[in-house]
Amino acid sequence: MRWIAACTAALALFAQGVAADTFRFTAIPDEDQSRLVERFSKVADYLEMRLDVEVEYVPVKSYGAAVTAFRNDQVQLAWFGGLSGVQARRLVPGSQALAQGAEDAEFESYVIAHRSTELEPADELPAAIEGKSFTFGAKTSTSGRLMPEHFLRQRFAAAPEEIFSRVGFSGDHSRTIALVEAGTYELGAVNYSVWEAAVEDGRVDTDKVEVIWSTPTYPDYQWTLRGDADERYGEGFTEAVRSALLDMDDPDLLASFPRSAFIPADNAMYAPIEDVAEDLGLLR
C-alpha cells in the first residue's frame, strides 16, 4: 500500500511538472470569442513548433481577466492592448513588451455614427455630437475607451458624461459596431482594424452606420512576456519567443490579427499610453 501511495504521489508530482512546463498565453477579448479561439489556436500551433514546448491558448472573458491571468502566472505571454500591457507590466516587474504589429506603432480609433444622426465625416469631431448617446468598448480598452476619451476631453474640455446624453461600455469592438448599427447608441468608439475587417467581411451594414472621425495615431497592441520566462523555461527563452513572433510571416496567420507583420517593441514605446491612463485615473 505504501508503494502504491508513493507511486501515486510521484505521478502527481510528475504531472505538476509537466503542467508547469506548458507555455500558456492569452489575448484581450476585443471581439467575438469564437473568432479569437480560431485565431489564437493557430498561433499556439505555430509557437509550439518554434519553441519546442507545449503551448496552450487560454481564452478569457474580459480585459481585466487577461491582466489577472498574467499577474497570477496562469499565462506567461499575452497579446495586450496598450493600456492592458502597461497594467500587466506594472503588476509583474521585469516583464517585457517584445513585439507589436507593424500597424500598432501608429494605431487609430474611429468614431462611428448611426445614419439617423445625419452626421458627416469630418477632420474634427463636430459639436453636433453633444447630447447624443455614445458607447465605448471595454472600460480598459486602449482603442475603444482610453484614447477616444482622451481626444474627446481635448476637444470639448469635458468628461464624456458631460458631453453625451448617455454613455455605455459595450465590452468589445464587435459589440460596439452592432449596438451603433442597431441604433441602441447613436455613436461609438471602435478599433479601426476591427471596423475595416468587419466591413471587408460584410459583417457591418454601412447603409446604417459609418465612420465620421479618426483619432490621431498612438501606440497600441503588443505581445508582453513575463520577466521570469528564462528562469522557468530555460536560458534564452525570451529571445526565442521574440524571434518566433518577429518571424511570423504566414499571410493567413497574420491576416487573422489582422497585421501585415510583427516588429520589435519595448516598454518605453508605451510611455504615452501610461501618461494618458494616469491623467484619466485608470492606473492604480
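The values are calculated or read from the model by the stated rules, or taken from the named source; none is laboratory data. It should be emphasised that the depicted structure is a prediction, and the values quoted were computed from it without experimental measurement. Don't worry about glycine lacking a Cβ; one is built from the backbone with ideal geometry, like all the others, and counts go over all protein chains shown. Remember, those area values only see protein heavy atoms, side chains included, never the ligands or the DNA or RNA. Shrake-Rupley method; radii C 1.70, N 1.55, O 1.52, S 1.80 Å.
If you go through the range 91-109 and keep only what is part of a strand (DSSP E or B) and open to solvent by less than 70 Å² (accessible area, probe 1.4 Å), you end up with A97, L98, A99, Q100, G101, F107, S109. List, please: which pairs have Cβ atoms under 7 Å, are six or more places apart or on different chains, and start with a residue in the range 205-217 that is free of Cβ contacts under 8 Å to residues at least 60 places away in the same chain and end with one that is open to solvent by 40 Å² or more (accessible area, probe 1.4 Å) and not acidic (D, E)? Pairs that qualify, where the first residue is free of Cβ contacts under 8 Å to residues at least 60 places away in the same chain and the partner is open to solvent by 40 Å² or more (accessible area, probe 1.4 Å) and not acidic (D, E), are T206/V199.
Taken together, the criteria place D220 among residues that are under 21 Å from P93 (Cα atoms) and part of a loop (DSSP other than H, G, I, E, B).
Residues that are acidic (D, E) and either surrounded by 23 or more Cβ atoms within 10 Å (Cβ to Cβ) or assigned to a helix (DSSP H, G or I) (or both) within the range 187-217 comprise E196, E200, listed in sequence order.
Residue pairs whose Cβ atoms lie under 9 Å apart, sitting 6 or more positions apart in sequence or on different chains, and linking a residue in the range 260-277 that is in a helix (DSSP H, G or I) to a partner that is open to solvent by less than 70 Å² (accessible area, probe 1.4 Å) and among the basic types (K, R), are N267/R89; Y270/R89.
Scanning the range 76-90 for residues that are surrounded by 16 or more Cβ atoms within 10 Å (Cβ to Cβ) and over 14 Å from the mean Cα position of the chain (by Cα) yields Q76, R89.
Filter the range 223-243 down to the residues that are of a type in the set (V, I, T) and part of a helix (DSSP H, G or I), then identify the one that is surrounded by the fewest Cβ atoms within 10 Å (Cβ to Cβ). Residue satisfying both the conditions and the ranking: T238.
Output yes when any residue across the range 110-121 is without any contact (Cβ under 8 Å) to a residue 40 or more places away in the chain, not in a strand (DSSP E or B) and not β-branched (V, I, T), and no when none is. Let's see the steps before the verdict.
Just the residues of the range 110-121 that are without any contact (Cβ under 8 Å) to a residue 40 or more places away in the chain, to begin with: 118.
Still in the list and also not in a strand (DSSP E or B): 118.
Narrowing the set further to residues that are not β-branched (V, I, T) leaves 118.
There is at least one residue in the range 110-121 that is without any contact (Cβ under 8 Å) to a residue 40 or more places away in the chain, not in a strand (DSSP E or B) and not β-branched (V, I, T).
So which residues in the range 48-75 are under 20 Å from E38 (Cα atoms) and either part of a loop (DSSP other than H, G, I, E, B) or open to solvent by 30 Å² or more (accessible area, probe 1.4 Å) (or both)? Residues satisfying the conditions are E48, M49, R50, E54, E56, V58, P59, V60, K61, S62, A65, V75. The residues in the range 244-259 that are surrounded by 15 or more Cβ atoms within 10 Å (Cβ to Cβ) and either in contact (Cβ under 8 Å) with a residue 60 or more places away in the chain or over 24 Å from V53 (Cβ atoms) (or both) can be counted, and the count is 8. Which ones in the range 33-42 are open to solvent by less than 40 Å² (accessible area, probe 1.4 Å), touching a strand residue (DSSP E or B) at 6+ places or on another chain (Cβ under 7 Å) and more than 24 Å from F169 (Cα to Cα)? Answer for the range 33-42, where residues must be open to solvent by less than 40 Å² (accessible area, probe 1.4 Å), touching a strand residue (DSSP E or B) at 6+ places or on another chain (Cβ under 7 Å) and more than 24 Å from F169 (Cα to Cα): just F40.
If I ask for residues that are under 22 Å from F151 (Cα atoms) and over 19 Å from the mean Cα position of the chain (by Cα), which ones from the range 180-213 would you list?
Within the range 180-213, V180, Y185, E186, L187, V209, E210, V211, I212, W213 meet the criteria.
Of everything in the range 116-136, what is of a type in the set (G, A, S) and either at positive phi or out of contact with any Lys or Arg (no Cβ under 6 Å at 6 or more places or on another chain) (or both)? Give them in sequence order. Matches in the range 116-136: S116, A122, A127, A128, G131.
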